[in-house]
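Chemist: Before I ask anything, let me first share the structure, which is written out below as structure tokens.
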Amino acid sequence: MYRGLVRWLFAAAVVVTLAGCGGPGSNLGEVDPDDPVVVDPESGDEAPPPDDGGSDEPALHLANLPIGGGVVDSADPAVQCVEVNWLGQEDAADIPPSVHIGVTQIDFTPAIFDLGEGGCSSSLPPCTDYVYGADARACLLVIRPNGEPFDPDGARPVVALQADIACDDPASTECSDFEESIQDETQTQFSQIELEFPPTDTGDTDPGTDPGTDPGTDG
């Protein structure tokens, strides 16, 4: 009789324990298979998700990098060699050692040029994927005409650079102060470099005119 009562009490305790593990008020709650829950093995409480190493998103994107420079001599008349210097103003003049400004896009207006290689004597590194920093303040563009039509009497073609800013410590005052200064409207005054028009072969005659005929005669 006594042993039977003990067995009954033990079975009842097991049922109550199992019901408490998944019932209302449980620390686990409902588990979404697409959003697994991490549980502390000691306390049974839900633990914070593991650190995935942080976000890869840049601290700030610059649609118009403050740049200066110009076209330098080239051995090939079809090639333009363009030195592109960092030209931040005031508090953005000096890039802190913890700030890195990576070129992400090179824009030509009008779109009559493509990036090229060779033909320039400059020792500067190419601007493609270049990272401006405290000790890296200039790069080189090698550009060639792509054959698109243009108006030689129109506005001069220009080049502009886009970039992402990344900081070693995005929460630092150094980073936030630089970001604030680089977004100042005064920086947009220095965001393009003027280029030369591609060479054209216009000749000495007007379209449709026979070179051997005097336009002032009838034949």
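The values are calculated or read from the model by the stated rules, or taken from the named source; none is laboratory data. The structure displayed is predicted, hence computed values, not measured ones. As a convention, Cβ positions derive from the backbone with ideal geometry for all residues, glycine included, and neighbour counts pool all protein chains shown.
Chemist: Search region 156-179 for residues that are free of Cβ contacts under 8 Å to residues at least 60 places away in the same chain and surrounded by 15 or more Cβ atoms within 10 Å (Cβ to Cβ) and pair each with any residue that is assigned to a loop (DSSP other than H, G, I, E, B) and among the aromatic types (Phe, Trp, Tyr) when their beta-carbon atoms are under 9 Å apart and the residues are at least 6 apart or on different chains.
Modeler: From residues that are free of Cβ contacts under 8 Å to residues at least 60 places away in the same chain and surrounded by 15 or more Cβ atoms within 10 Å (Cβ to Cβ), the pairs are Pro157/Phe150; Pro157/Phe197.
Let's see how each residue does on (1) of a type in the set (Lys, Arg); (2) in the same structural domain as Pro96 (by TED's automatic domain parsing); (3) outside any strand (DSSP E or B):
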{"site": "Leu124", "(1), (2), (3)": "no, yes, yes"}
{"site": "Val142", "(1), (2), (3)": "no, yes, no"}
{"site": "Glu148", "(1), (2), (3)": "no, yes, yes"}
{"site": "Asp151", "(1), (2), (3)": "no, yes, yes"}
{"site": "Arg156", "(1), (2), (3)": "yes, yes, yes"}
{"site": "Ala163", "(1), (2), (3)": "no, yes, no"}
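Chemist: Quick one: Ser98 ticks every box in (1) among the hydroxyl-bearing types (Ser, Thr, Tyr); (2) closer than 30 Å to Cys167 by Cβ; (3) modelled with pLDDT under 95 except a single one, so which number is it?
Modeler: Condition not satisfied by Ser98: (3).
Chemist: Follow-up. Please go through region 58-83 and give me each residue that is surrounded by fewer than 15 Cβ atoms within 10 Å (Cβ to Cβ), among the hydrophobic types (A, V, I, L, M, F, W, C) and within 15 Å of the chain's Cα centre (by Cα), ordered by number.
Modeler: Selection gives Ala63 alone.
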